[in-house]
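Down below is the structure, laid out as structure tokens.
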Amino acid sequence: MVRADTLDGGHRRYARALPLARADIAASAEQLLDAGYGLWLVSHDSVLAQLDRSPMGVEVATLDFLAPHDRPWTIADLMRVYNVLNQTAFGAKGIPLQNWVMIDLGLLPSAFLLVTLSPQRAAEAVTDHRVSAAAGARIASVLPAVLGEAERLGYTGPIPVAGYCAARSPIPDGWVGWSLCSAIPGLGTTAKGLALEAYRASTLTGVAQFSDPALRVHRKFGRMRLLAAVLELHPVAGTMVYRTEVFVEDEPPPEPTEMLGAHDRDAHRDLQNRLDAGAEIDILPPGLVADRVPILERH
């Protein structure tokens, strides 16, 4: 554990990030549409009828995977290609998405929000030299496998380059997030934001690792309360459980009480002990700073 005021020889290395608003997500989504990306909600009619299909005023196309389909490509192949995107993104952690999970936990009770490109545009993205070195490495590590699956299937439809899904919860307007992935950095934030608005979610429970850069995405969506700092049942070390109040933030933004080591398992266990003793502990923006997580502890 590192106290917030003992970083860099006593100088704080922590800078708060501005929270996202719904207007930010809407603007980024419109920019994607203008740039030739597609936005889709994939589920079936009974679920789609309950969702906001124009989240934040953004028109999102819908696909009913149980209904007849008159396009020259199949929804089944679209989701097979998406599954490879998810598997490739999470395979290094040892938690690739299984096809039956995608159906039973995603397509039937909920809906996937997919961001897509045409096959030609997706292929061009692999060799796009205008992106940063980090973005290029990410694209090269994921997108070729996605395009390879499309070629194997003879699939000619839109190529999923990002996606998100959350599952319904008995908590009123509460959802459980479980599938955020992106082959092109930056798209996951828009996918998650549109999906949460389409679901009309007010709270989101999720599982993440303290060291995962995706924590920066998760923390953009509102106040983030730790429910568990240690989740031994999960196969990936350093996993915690959080609950977000969607698009709700503290005003004024609080200062962190400590900067938690993202890989410090002893500190994670200590944090869990304090949760068990009744402390309320939040993750503050931006979620991850180098290898540390800004923490606010309330009693």
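Structural remarks
- Rounded to the nearest whole Hz, the Karplus-based 3J(HN,Hα) values (6.51 cos²θ - 1.76 cosθ + 1.60, θ = phi - 60°) of the stretch 233-238 follow the sequence 5, 6, x, 9, 5, x, with x at glycine and proline.
- Prolate/oblate/rounded label for the stretch 232-282 (Cα gyration tensor, a/c 1.5): prolate
- On Cα atoms only, tilt of 265-276 relative to the major axis of the chain in degrees: 80
- Extension gain, Ala49 back to Ser132 (0.36 nm per residue minus Cα-Cα distance, nm): 25.9 nm
- If R0 is taken as 41 Å, the Cβ-Cβ distance between Leu33 and Glu280 corresponds to a FRET efficiency of 0.55.
- For Leu227, the residues whose amide H sits under 5 Å from its own are Val241, Tyr242, Arg243, ignoring neighbours fewer than 5 places away on the same chain, with H placed 1.01 Å from N.
- For the chain, averaging the sequence separation of C-alpha pairs within contact (under 8 Å, six or more residues apart) and dividing by the residue count gives a relative contact order of 20 percent.
- Derived scalar couplings ³J(HN,Hα) [the stretch 33-45; Karplus, 6.51 cos²θ - 1.76 cosθ + 1.60; whole Hz; x for Gly, Pro]: 4, 5, 8, x, 6, x, 10, 9, 10, 10, 6, 9, 4
- Residue-wise HN-Hα coupling along the stretch 63-75, computed from phi with Karplus coefficients 6.51, -1.76, 1.60 (Hz; x: Gly, Pro): 9, 9, 6, 9, 9, x, 9, 9, 7, x, 9, 9, 5
- Measuring nothing but how far apart in sequence close Cα pairs (under 8 Å, 6+ apart) lie, relative to its length, the stretch 202-299 scores a relative contact order of 34 percent.
- 0 to 90° range, to nearest 10: angle between helix 133-153 axis and the chain longest Cα axis: 40
- Assuming charge only on the beta carbon of Lys and Arg (+1) and of Asp and Glu (-1), the dipole of the chain about its Cα centre is about 320 debye to the nearest 20.
- Using the rule -39500 (n - 2.57) for each DSSP H run of four or more residues, divided by the residues of the chain, the 222 nm mean residue ellipticity is -9500 deg cm²/dmol.
- Summarising the amide proton neighbourhood of Ala183: residues at separation of 5 or more, or on other chains, whose placed amide H is nearer than 5 Å comprise Ala162.
- On a per residue basis, the convex hull of the C-alpha atoms belonging to the stretch 202-299 measures out at 91 Å³.
- Alpha-carbon Debye profile of the stretch 134-217, log10 I(q)/I(0) at 0.12, 0.25 Å⁻¹: -0.44, -1.19
- For the chain, the ratio of Cα radius of gyration to the globular rule of thumb 2.2 N^0.38 Å stands at 1.02.
- Fewest-first ordering of Thr127, Thr189, Thr74 by other beta carbons within 10 Å of each residue's beta carbon gives Thr127, Thr74, Thr189.
- 5 angstrom amide H check on Thr62, placed H, neighbours 5+ away: Leu41
- Separation between Cα centres of the stretch 28-77 and the stretch 254-295, rounded to whole Å: 38
- Burial ranking of peptide ranges 225-237, 108-120, 153-165 (average Cβ count within 10 Å, highest at the top): 153-165, 108-120, 225-237
- Using the Cβ-Cβ distance between Glu249 and Gln120 with R0 = 35 Å, the FRET efficiency computed as 1/(1 + (r/R0)^6) comes to roughly 0.30.
- Summary of packing: across the peptides 98-106, 214-222, the per-residue average of other C-beta atoms within 10 Å ranks them, highest first, as 214-222, 98-106.
- The alpha carbon centroids of the stretch 84-139 and the stretch 152-218 are separated by 11 Å.
Throughout, read-outs are computed from the coordinates displayed, never taken from laboratory work. All figures in this text were calculated on a predicted structure; none of them were measured in a lab. All Cβ positions, even for glycine, are placed from backbone atoms using ideal geometry, and neighbour counts span all protein chains on display.
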